[in-house]
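The values are calculated or read from the model by the stated rules, or taken from the named source; none is laboratory data. Since this is a predicted model, take the numbers as computed values, not measurements. Every residue, glycine among them, receives a Cβ derived from its backbone with ideal geometry; neighbour counts consider all protein chains shown. Accessible surface is based on the protein model in full, side chains and every heavy atom, while ligands, DNA and RNA are left aside. Shrake-Rupley method; radii C 1.70, N 1.55, O 1.52, S 1.80 Å.
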Amino acid sequence: MPQKLSAMNYIKNNMRRVAVLIVSLGLCFVLVYLTQFMLSTTEESFKRILIGNTGKMQVISLAGKTTLGIPTDQMGDEEINAAYTEKNRELAEKLREMAGVKDAWYGEVINNFITAAVGQITYNIPLVEKEKIPEIMEYFSMKLIEGRLPEHPGEIILDSLSMKNNDYVLGRYCNERNYDKYYKIVGIVECDTYFGCGISSKDWISSWMIVVLSEGIEDMSAVLHEIGINVKENYDTVVDMKWGKTFLQEGIIDVISNSSNLIYMGIVVLLLISLTIVYTTYLRDRHNEWCLYCSIGYSRANIYHAVVWELLFTFGAAFLAGGIISILAAVLLRSTMLIPQGLQCKIFHPKAFAEILCIYVFLLGILQIPVRYALGRIRTIDAIEDDLY
């Protein structure tokens with residue numbers, strides 16, 4: 001009675017052939033994982049603005065006629081501006097008295113950009129009196145690490161990540177594309193998010209908005225409703241955590257997910273075609289070997305079990321090697337590419353591992369077709385010479 005066929009014997013004696021499959025599958029792992037890793041840097045970076053910033057500071061811009069009820073049809077431009085300013089200041093006063101609100105004011109706001117691997121987003125920089133800057137720094141847990149605090153009009157401070165991402169230099173200007181040379185960076189701070197603040201420029205008129213410092217208030221529209229202001233979607237702008245979560249999911253995560261799914265499908269199709277062709281060639285080369293096994297008493301089931309164990313070893317080794325290489329590559333990319341650009345990332349992505357495992361299981365299942373076909377073509381040794389396989 002023949003002993004059980006050992007899959008390891010074939011693997012040890014055919015290391016080059018097995019290594020080709022392991023390398024191919026391992027590279028598939030690395031390609032899929034690093035694609036997910038690089039795309040996720042957009043989510044991880046923008047999350048700091050859309051969730052982190054909006055969880056501490058909310059920005060409100062309301063329409064004068066439709067929301068604040070200012071009769072603009074009966075006023076001139078100067079009267080409209082004066083009435084609009086007064087209404088917003090009154091609203092800021094009311095918000096300051098609300099529970100959970102640390103401070104609120106009507107003032108100027110400028111924007112700065114953060115560019116990730118895919119996409120670009122802006123965040124708000126409040127412009128205040130120089131006496132209020134230390135309060136904002138304490139609220140955002142900002143620590144000055146270089147330069148000084150703003151003292152004169154047109155001076156701002158920025159976080160170190162924003163400086164790296166935009167290639168800013170201390171003493172130069174912020175967002176020259178939009179604000180020319182009106183906002184000079186005089187200090188660099190360290191904080192948990194992308195943020196900055198400063199003093200408004202006398203020579204540049206920026207956007208005026210209500211700025212609210214609050215923690216625990218996700219839906220600022222609901223707070224405004226409590227004091228008689230009904231926010232209208234097509235007329236007003238409320239940048240709060242509720243808006244941030246919605247935009248993060250619909251504008252970033254869902255879009256990236258659709259893109260990554262298309263990439264995965266392309267990788268799987270190409271790998272499936274190439275792997276099937278290569279493995280079918282291997283099976284042709286092993287036809288005589290299997291015929292010999294069958295002639296000395298091994299059943300097709302014995303041969304099939306040995307082949308399955310060979311495939312399991314191949315896929316398992318590829319999964320392990322691909323996982324280790326992917327993590328090491330992600331760490332290397334973070335230190336050499338992402339950190340110098342001021343971007344955020346997450347090294348370990350369990351969802352990506354699960355998706356790759358599903359891809360492997362799918363490929364393993366597809367390879368059963370040529371294996372089954374090859375087993376069905378087995379003949380005993382006395383019929384090998386007549387085999388037209």
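Points to keep in mind about this one:
- Hits in the stretch 127-156 (condition: in a loop (DSSP other than H, G, I, E, B), on the phi < 0 side of the Ramachandran plot and not aliphatic (A, V, I, L, M)): Glu129, Lys130, Glu131, Lys132, Phe140, Arg148, Pro150, Glu151, His152, Pro153
- Of the candidates Met75, Met15, the single residue that is open to solvent by 50 Å² or more (accessible area, probe 1.4 Å), over 19 Å from the mean Cα position of the chain (by Cα), free of Cβ contacts under 8 Å to residues at least 24 places away in the same chain and closer than 23 Å to Asp236 by Cβ is Met75.
- Search result, residues across the stretch 288-308 that are surrounded by fewer than 17 Cβ atoms within 10 Å (Cβ to Cβ), assigned to a helix (DSSP H, G or I) and not small (Gly, Ala, Ser): Asn288, Glu289, Leu292, Arg300, Asn302, His305, Val308
- Residues of the stretch 182-220 classified as assigned to a strand (DSSP E or B), hydrophobic (A, V, I, L, M, F, W, C), open to solvent by 10 Å² or more (accessible area, probe 1.4 Å) and more than 23 Å from Leu62 (Cα to Cα), total: 2
- Those residues of the stretch 93-106 which are out of contact with any Lys or Arg (no Cβ under 9 Å at 6 or more places or on another chain) and either buried (at least 20 other Cβ atoms within 10 Å of the Cβ) or part of a strand (DSSP E or B) (or both), in sequence order: Leu95, Val101
- Filter result for Leu311 (over 25 Å from Ile11 (Cβ atoms), surrounded by 17 or more Cβ atoms within 10 Å (Cβ to Cβ) and in contact (Cβ under 8 Å) with a residue 40 or more places away in the chain): no
- Identity of the residue in the stretch 221-275, assigned to a loop (DSSP other than H, G, I, E, B) and among the polar types (S, T, N, Q), that ends up surrounded by the fewest Cβ atoms within 10 Å (Cβ to Cβ): Asn234
- First in the stretch 140-160 and free of Cβ contacts under 8 Å to residues at least 40 places away in the same chain, second anywhere and surrounded by 22 or more Cβ atoms within 10 Å (Cβ to Cβ) and of a type in the set (Val, Ile, Thr), Cβ under 6 Å, 6 or more apart: Leu149/Ile133; Asp159/Val189
- Taking every residue in the stretch 346-366 that is part of a helix (DSSP H, G or I) and pairing it with any residue that is exposed (fewer than 13 other Cβ atoms within 10 Å of the Cβ), at least 6 positions away or on another chain, the pairs with Cβ-Cβ distances below 8 Å are Leu364/Leu312.
- Pair list, Cβ under 6 Å, 6 or more apart: the stretch 107-130 residue in contact (Cβ under 8 Å) with a residue 12 or more places away in the chain, other residue open to solvent by 30 Å² or more (accessible area, probe 1.4 Å) and of a type in the set (Ser, Thr, Tyr): Glu108/Ser200; Val109/Ser207; Asn111/Thr122; Phe113/Thr122; Leu127/Ser200
- Criterion violated by Gln249 - all others in (1) in contact with a Cys (Cβ under 9 Å, 6 or more places away or on another chain); (2) under 20 Å from Thr42 (Cα atoms) satisfied: (1)
- The residue that is nearest to Thr193 (Cα to Cα), among those in the stretch 324-342 that are part of a helix (DSSP H, G or I), open to solvent by less than 50 Å² (accessible area, probe 1.4 Å) and among the small types (Gly, Ala, Ser), is Ala330.
- Test: residue in the stretch 157-174 that is touching a strand residue (DSSP E or B) at 6+ places or on another chain (Cβ under 8 Å), at positive phi and either crowded, with 18+ Cβ neighbours inside 10 Å or assigned to a helix (DSSP H, G or I) (or both): no
- Number of residues in the stretch 107-122 that are over 20 Å from the mean Cα position of the chain (by Cα) and open to solvent by less than 30 Å² (accessible area, probe 1.4 Å) equals 4.
- Answer residue from the stretch 123-139, given it is within 31 Å of the chain's Cα centre (by Cα) and crowded, with 20+ Cβ neighbours inside 10 Å and is farthest from Gly55 (Cα to Cα) among those: Leu127
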